[in-house]
Amino acid sequence: MRARLTLLAAIVMTLLCAGLSALIVTSIHSERSTELNRRNHDANMRTAGLLARGQLTPVHTERGIAALQVIDPAGRIVSASANMRGRPPMAFFVPTEERMGRMETLCHMRDFAGTCMLVSVQRVPRRDGDWIIYSAAPAYPWYVSGRLLAGVLAGSTLLIGVTAFGAYRIVGRSLKPVEAIRAHLCKITSTDLGHRVPVPAPRDEIQELACTVNQTLDLLQAALQRERRFISDASHDLRSPITAMRAQTEEALLHPDDADWPATATATLDSLDRLQAIVTDLLTLSCLDAGAAGAAAAPVDLEDLISCELDHCPHKLNIIRDLEPAVVRGDRLQLIRLFTNLVDNAERHAACTVTISLSAQSGQAVLVVSDDGPGIPVDQRERVFQRFARLDDARNKDTGGTGLGLPIARQIAEQHGGTLTIEDSDQGARFVARIPLYTAHPRPPAHQTAG
């Protein structure tokens, strides 16, 4: 990139120098040609003065010009410079009717082969007709002179070289922090995310880039650590029912005649149920993490949804319900999963009563699920939403859960634009889910046609 930018700067400067050099050479060439034409014109005017006074001789020489001819109205050459004696007219163009003089550059004159000549013509009106005076001098080449061309080329080359060198140094200095960032990124691997890229001192875009890279690395490291903890916890939870099934099966096989195979099968089914629950929850979390779309979002009556779930599912504890109308927009199956996870968690840890309330407050549907169990310490409230989290207090004595129900419930709430938190309560745990209410856009009234 450094070489490409340097080459680009050199190309741009070359084009600028070419344009500037062309402008300089063209301006000097035009100025010199104008001066040369003025000298020809002055020579023509002096010759016209001699003609008017009758002092013009057959051989007439003017300093500063290479050739001169005077032609009378009959087309005869009556006076010429020494080198043009006996020669035909050097040119045949004449001034226009509106002007007395004219100038042209001729490069194929027989008498000046290989040299371009600046020829000036002057009309001199007299009583017997118009006399024509031609004067010629060597025209300047397009580059004016070798010294001028060499100077322009030397200056342009020097300027291009200085520009290329400066661009190379500036680009190199500007890209040095980028190279340092690249070098540090090359050292980072999936097993070692502790490296961070250096942040340059100047407050510019490269500093912002370095800060963004470091923030991304922080997020990546945190995500990888969570993933590793998740895999470790999932492996532990999956291993427990598998170990139980293996131990029960091996014990029965040691004494097959004395084994109670129906009891062994029942115990194995319990472990399989727990294993299936864990795998199901893992698949659910995987879909939620991937943002996999469920059913199309539609208005859902939470009061009707909760009432149906409570009426159709048997409960071992006393359920107190206080439900008000509340309609949200979302996936009905996911909202059922959120509610059942909260209720299952409350039932596992409640002493005898679970309280469920639903209300509409400040544009949100507020679902509260409370139990009369031991509660959750304030410093542990966020931890219960971590996957496979395990608390050390009495709430963790029950092993019926998979450790994924509450993380799934929170993720569903967040995907519906809401939140799931734990709030203070006089007794037990109080889980509060808030989801934005559904607001139907009223249809505009139909236009009535006057009868």
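The charge dipole of the chain, taken about the Cα centre with unit charges on the Cβ atoms of Lys, Arg (+1) and Asp, Glu (-1), comes to about 5180 debye, rounded to the nearest 20.
Show that you can apply the helix-only estimate: for the chain, add -39,500 (n - 2.57) for every DSSP H stretch of four or more residues, divide by all residues, and state [θ] at 222 nm to the nearest 500.
Values: 7 runs with 214 residues, N = 451.
Helices in the chain give a 222 nm mean residue ellipticity of -17000 deg cm²/dmol.
Taking all protein chains in place and a 1.4 Å probe, what share, in percent, of the accessible surface of the chain do carbon and sulfur account for?
That fraction is 57 percent.
When 103, 90 are compared by accessible area of protein heavy atoms, the largest-first order is 103, 90, using a 1.4 Å probe.
In what sequence, largest accessible area first, do 17, 308, 186 appear using a 1.4 Å probe? Can you show the working numbers first?
Details: 17 10, 308 45, 186 90 Å².
Largest accessible area first, the residues go 186, 308, 17.
Of the listed residues 301, 128, the order by accessible area with a 1.4 Å probe, largest first, is 128, 301. Unpaired cysteine residues in the chain (no second Cys Cβ under 4.7 Å): 17, 186, 211, 287, 308, 313, 352.
Across segment 45-50, coupling constants 3J(HN,Hα) worked out from phi with the 6.51/-1.76/1.60 Karplus curve, θ = phi - 60°, read 5, 5, 5, 5, x, 5 Hz, and Gly and Pro carry x.
Computed over the chain, relative contact order equals 10 percent, with contacts defined as Cα pairs under 8 Å that lie 6+ residues apart.
Counted over the chain, the DSSP beta bridges are approximately 90% antiparallel. Helix 405-415 and the longest principal axis of the Cα set of the chain meet at an angle near 40°. Given the choices (1) 107, 32, 19; (2) 37, 26, 20; (3) 43, 24, 21, semi-axes √(5λ) of the Cα gyration tensor in Å derived from the coordinates of this structure is entry (1). Per residue, the solvent-accessible area of the chain (1.4 Å probe, heavy atoms of protein chains only, all protein chains present) comes to 61 Å².
The values are calculated or read from the model by the stated rules, or taken from the named source; none is laboratory data. Only a predicted model underlies this, so the values are computations on that prediction, with no experimental measurement involved. Don't worry about glycine lacking a Cβ; one is built from the backbone with ideal geometry, like all the others, and counts go over all protein chains shown. We work out accessible area using only protein heavy atoms, side chains counted, and drop any ligands, DNA or RNA first. Shrake-Rupley method; radii C 1.70, N 1.55, O 1.52, S 1.80 Å.
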